[in-house]
1. To test your reading of the geometry: what angle, between 0 and 90 degrees and rounded to tens, separates the Cα axis of helix 238-261 from the longest principal axis of the chain?
2. What does segment 452-563 give for Rg and for Dmax, in Å, if only its C-alpha atoms count?
3. So for segment 92-230, Kirkwood radius off the Cα pairs, Stokes-Einstein at 10 °C and 1.306 mPa s: how many µm² s⁻¹?
4. Calculate how many DSSP beta bridges within the chain are antiparallel, expressed in % of all such bridges and rounded to the nearest 5.
5. Full-extension gain between residue 569 and residue 57, please, as 0.36 nm times their residue separation minus the C-alpha to C-alpha distance.
6. Residue separation times 0.36 nm, minus the C-alpha to C-alpha distance between residue 460 and residue 162: what's the value?
7. Just to verify a number: what accessible area does residue 167 come out at with the full protein assembly present, 1.4 Å probe, Å² rounded to tens?
8. Over the alpha-carbon set of segment 178-245, work out the extent along each principal axis and list the three values in angstrom, largest first.
Amino acid sequence: MKTTQPAFFARNSFRILLIIAFLSPFFLIGTRRAMWSNKNDVKSWLPSAYEETATFHWYRAHFESDMFILASWEGCTLDSPALELLAKKLLPPEEYSRDREEPRFFKTVSTGTKLLNALVEQGVERQQAIERLKGFVIGRDGRQTCLILTVRPEAEAEWDREVAEGKHARQKFLHAVVEKVYHVAEAECAISRDAMHMGGPPVDNVAIDQEGERSLLRLAGMSALVGLVLSWWCLRSWALTAMVFTTALFSAGLALAIVWFSGSQMNAILLTMPSLVYVAATSGAIHLANYYRDAVREHGIEGAPDRAVAAAWLPLALATGTTAVGLASLGISELVPIKMFGIYSAFGVVASLFVLCFYMPSLLQFWPLAGLADAESQTRRFDPGLSPRWRGVGEWIIRHNGWATAACLILLAVGAYGSTKVETSVKLMRLFSPEARLLEDYAWLEEKLGPLVPMEVVLRVDAEKCSLDMLDQLDLVREIRQELAAIEEVGSALALPTFIRDMPERPSLIERRVWIVQLQRHQQEVTDFFQADGGENLWRVSARVNALTDVDYGRFVDDLKAAVEPILDRHREQGVEGLTATYTGLVPLIYKAQHSLLDGLILGFVGDLILIGIAMILLMRNWSAGLLLIVPSVFPIAIIFGAMGLWGVVVDVGTVMTPAVALGVTVDDAIHFMLWCRHGQQRGMDRRGAIMFAYEDCARAIYQSWAVIGLGLFAFAMSSFVPTQRFGYLMLAMLTASAVGNLVLLPAMLAGPLGHFFWRRPEKTATERAVPAPHSVVGTVHSPAKACQYSSGHILAE
């Protein structure tokens with residue numbers, strides 16, 4: 001007698017759970033190490049292939065590292081004893097640090113007092129020296145000053161090695177550097193942490209680390225709680241909710257582990273990725289739970305996990321595919337954090353599909369839930385997706401399809417116009433809320449001392465071609481510095497002439513020779529502003545601008561060139577050759593990044609639409625389906641970005657990620673709606689009946705996706721880290737507009753003249769109806785508890 005082989009999960013569920021349990025410690029290790037690897041440096045956000053990035057790396061290779069910390073406090077004046085004491089404590093003799101086994105973080109420590117005294121010793125009058133240093137290390141009052149600490153380039157490798165050996169507590173290098181300044185100031189100089197104000201790249205990077213991690217730890221838990229509550233609200237079963245929760249949690253952990261095992265590091269933008277994967281997996285797991293519930297009700301508990309997966313895998317794969325394509329489009333972005341977010345989020349979403357299709361069914365096989373069918377009525381009682389109001393809304397849209405379509409298209413046109421007004425920004429200070437400690441410190445430092453953001457101009461002199469001697473070159477640098485200082489946005493301009501005695505106006509031959517010899521003799525002492533590189537002399541001029549003002553960096557770079565190039569042209573006209581200027585620093589990098597942000601957004605979105613439109617045409621075998629799909633797909637993005645453009649809201653790195661996620665969800669919902677319309681027509685319904693057939697079933701899935709993903713990510717709107725905050729509230733806004741597009745605009749277009757070519761001819765439909773539908777379709781359509789995604793696999797199969 002022939003026996004039936006047990007179903008797949010009946011045979012393998014225990015093995016699957018055992019394998020997952022075995023791999024869990026490795027995933028946990030990968031997750032923890034990924035979190036520990038969180039590291040942020042705005043200067044590394046652009047790819048090295050860019051000319052601006054390559055130029056900046058060239059600059060850093062020739063001049064002192066930009067890893068400096070500027071520190072000051074109320075009462076830090078030129079005659080402050082605490083200033084010199086703190087300088088000595090932070091850079092003690094090397095033997096002292098070695099004997100006490102203390103890390104030696106700093107290469108040099110300078111103070112305003114030291115620089116002032118150095119100028120006075122060269123013969124510069126004290127008041128004149130103070131005027132030179134104002135806006136740099138001396139405040140506008142002529143008394144306030146600061147401490148400038150330069151981090152040793154090799155200190156990070158030493159710190160990591162000593163931490164691995166257990167000599168120090170586990171702490172990231174830059175965090176330890178900043179904490180060292182706070183600790184020594186408080187313990188040795190009685191300067192409280194609240195009184196100390198610090199700025200500089202290490203402080204900036206630590207602030208980004210802390211804000212990003214704080215958002216993840218506090219708000220990711222809130223996002224997980226929202227997902228848990230919404231899961232119970234959709235399922236009304238604590239057992240199913242627990243399975244959905246563990247499935248989503250495991251998916252998020254797996255996504256983090258992928259980052260670590262692939263050899264990458266986390267950053268503040270990528271920290272939102274686990275929560276995105278979590279809510280996407282939660283949404284998919286809820287739909288799989290609905291499949292399981294109906295499988296139990298229709299055919300009993302035996303083999304229910306296999307039947308659920310057989311029906312669910314195709315619609316879940318479709319939802320995963322559209323979301324992954326939208327996220328992967330961010331991979332073409334030229335900004336490294338955006339690229340990493342897109343790629344690893346896409347990998348995470350795809351990995352969650354395998355977790356959904358293997359882990360959760362294995363749990364359901366191992367702990368079957370036979371009483372789910374009896375709880376169906378309780379689920380319906382609280383479910384607005386089954387309310388008669390949905391039918392009333394749908395009927396109103398169909399009856400007034402012209403007005404509904406016109407209203408939505410007008411909104412779309414206004415949004416498209418507003419999108420042309422969108423401005424982008426990757427300025428560091430825009431990453432933080434106005435209440436952030438870093439912004440308070442920068443505001444204080446810029447008020448008391450002067451601007452902090454450097455724009456570097458490097459005068460390059462070809463020693464073989466140029467007829468100017470060292471003194472003439474120095475005089476040229478002085479002239480360029482004076483021109484830069486006269487630009488409105490420049491608070492101070494620094495160059496070698498700033499730190500030496502006044503040059504003679506008409507030097508004699510002997511004076512000229514003495515100056516040249518002195519410059520050559522003390523060359524190693526002025527490497528911050530002069531370098532001899534083979535056959536080139538490199539003279540650095542640094543212009544400082546405010547960090548907290550809305551300077552148009554593009555125009556500012558043009559202003560610098562307009563000030564420098566005429567001076568060089570005048571010398572060239574006099575027969576001087578071998579003079580060029582290189583413009584670099586944070587300002588050109590940020591300007592390039594702002595353009596890359598918008599260009600990547602437009603290119604990725606257009607590419608996604610074309611790809612998905614072609615796929616829809618092939619899937620539906622109808623060219624109009626692809627064109628109809630594009631309109632509701634564009635609708636939410638045009639509305640939200642149009643509103644941002646009209647209201648003057650700047651697009652930042654957190655904002656640019658939202659269209660990729662919203663596009664995947666929007667396209668998935670639109671595809672399912674159109675498939676259900678086509679299926680209704682195949683069942684003999686007219687156009688109105690087919691649209692209502694789709695409306696009644698798809699409305700529930702759409703609002704569930706909106707609730708789980710939109711509300712789940714909206715928790716991040718409470719973050720103090722601005723990119724994370726904007727990602728949270730814009731995701732809710734995008735998905736709300738997406739729901740309007742799919743529940744108002746799409747059915748209105750299908751009911752009106754724009755949908756004429758979508759509907760198949762009656763004779764073709766009659767031929768398709770002559771082919772018997774699979775039993776699984778007939779058996780599942782009648783259930784009002786199902787979302788549209790529940791049976792879309794069978795519709796695609798037809």
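1. On a 0 to 90 degree scale, this one is about 40.
2. Rg then Dmax for segment 452-563, in Å: 15.2, 49.
3. The calculation lands on 87 µm²/s.
4. Antiparallel: roughly 95 percent of the beta bridges in the chain.
5. 181.6 nm
6. Extra length from residue 460 to residue 162 when fully extended: 103.2 nm.
7. Probe radius 1.4 Å; accessible area of residue 167 about 130 Å².
8. 61, 23, 16
The values are calculated or read from the model by the stated rules, or taken from the named source; none is laboratory data. As the structure is a prediction and not an experimental result, all values here were calculated from the model. A quick note on method: Cβ atoms are made from the backbone with ideal geometry, for glycine too, and the neighbour counts reach across all protein chains shown. For the accessible areas, the whole protein counts, side chains as well, though only heavy atoms, and no ligand, DNA or RNA atoms are used. Shrake-Rupley method; radii C 1.70, N 1.55, O 1.52, S 1.80 Å.
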